[in-house]
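J.: Got a structure for you, questions after.
The values are calculated or read from the model by the stated rules, or taken from the named source; none is laboratory data. Quantities reported herein were computed from a predicted structural model and do not represent experimental measurements. A quick note on method: Cβ atoms are made from the backbone with ideal geometry, for glycine too, and the neighbour counts reach across all protein chains shown.
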Amino acid sequence: MAELIESVEQQTVQEASPEVRRSRSGFWFGLIIFLVIGVVAGAGYYFLQQLREKQEGLGGEVKGAVSQQISDYQSQLAAIQSQLAAVQTDVGTKEAHFNNTVSDFSKLHGEKLDNTRKELSEEIQKLQRQLGKTRGDWLLADAEYLLSVANQRLLLIGDVNTTMEALEAADQRLRESGDSAAFKVREQLAKDISAMSKVNTADVVGIYATLQNLESQIDSLTLLLPYAGKNESVQPIENKTKKESKDLLGELESMVKIRHVQQHVNEILTPEQAQFIREQLRVKLEMIKIALVQQNDALYQASLVDTNKWILSNFVKEKEAEHFLAALEKLSDVRIRSQFPDISLSLKMLRDITKLRIETDKALSNTSTVNTVESEITPAQ
């Protein structure tokens, strides 16, 4: 702007110098123009300064806004980075947990697979051993089972007949096996069979049938004390005819039985009491049956004694009662459970057949050696 003013003044001077003679109007006109130009220049400078200040203020605001936005962006970025780090940590934790789970599952699966392989291998070996067994091995196994059954039947329920059959069948299996080591087992079996043949067994079925027959005779026994029977209404004899009176007397004779007793009768039983006495006798016979089936000899003998006492205390000792007591006395002579021999040694020997085979092989080897030595000595003599 200063350069413009200087150029205007120079031009004015240059123009004024040749035109000194111009009128004052021209001078004032130039001066006005100069003032206008100065005002315009000043206004322009002022506005330029305002514009610069506004630009600087606007630039500061923009810079502050931008700085704020940058700061916000940085905060958001930091939050995102923090979330990303948390996500990475969570992913790492889950990945580690997943890896541990996969590892544990793999380990467990491997253990199960190893166990399955081991069990399968054992089953295959068992199957191979089973397939590799000869007929003699199967016969020995069958004989061992039969001896086990014989011991169980004898010890648990005292079944002598089944025990004998099982022992004889086991001896037959050992004979058919052709195993030389089974000879000692058969020797022991022969002793067991001989011992079992000497056992006296009670006729359980016969005794049970006898008890059933005695139970059916209870109602025929006469009670020791009199008891009231069925009440019947009888019309007075004087109101009947002679024939009807005779018939009534006959009926009374058939209904009334006169007997003499040695003891004093101090009471008359009711029908319920009489029935109770008979039912008690039935219960005692049932106890004898239970002891018979269970082969409990002590309970069997005690029940017989108790039944005998009950009959003597409550029934008249006449023909029926004497027959009843004689049958009970005969049953008391029977021992329903005898002392059974020990037949377990043959089973133990058969289960230890391998040891018997070794002993047999040694015995055969020694016998062969002795025969060889004798054959060598004989020619020399």
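J.: Checking Met287 against (1) at pLDDT below 90; (2) within 28 Å of Gln152 (Cα to Cα); (3) not hydroxyl-bearing (Ser, Thr, Tyr), which test does it fail?
T.: Failing condition for Met287: (1).
J.: Quick check, is Gln88 out of contact with any Ser or Thr (no Cβ under 7 Å at 6 or more places or on another chain), surrounded by 10 or more Cβ atoms within 10 Å (Cβ to Cβ), among the polar types (S, T, N, Q) and modelled with pLDDT under 80?
T.: No, not satisfied.
J.: Can you name the residue in the range 135-167 that is among the charged types (D, E, K, R) and assigned to a helix (DSSP H, G or I) and is also farthest from Ser346 (Cα to Cα) among such residues?
T.: Per the criteria, the residue is Arg135.
J.: Among the residues that make up the range 357-367, is at least one of them more than 30 Å from Asp297 (Cβ to Cβ), more than 52 Å from the chain's Cα centre (by Cα) and either assigned to a loop (DSSP other than H, G, I, E, B) or at pLDDT 80 or above (or both)?
T.: No, that holds for no residue.
J.: Still on this structure, I have one more. Only one of Ala209, Ala170, Ala202, Ala195 is surrounded by 15 or more Cβ atoms within 10 Å (Cβ to Cβ) and outside any loop (DSSP other than H, G, I, E, B). Can you tell me which?
T.: Of Ala209, Ala170, Ala202, Ala195, the one residue that is surrounded by 15 or more Cβ atoms within 10 Å (Cβ to Cβ) and outside any loop (DSSP other than H, G, I, E, B) is Ala170.
J.: Related question: Take the conditions of a type outside the set (A, V, I, L, M, F, W, C), at pLDDT below 90, more than 38 Å from the chain's Cα centre (by Cα) and surrounded by 14 or more Cβ atoms within 10 Å (Cβ to Cβ) and apply them to Asp179. Does it pass?
T.: yes
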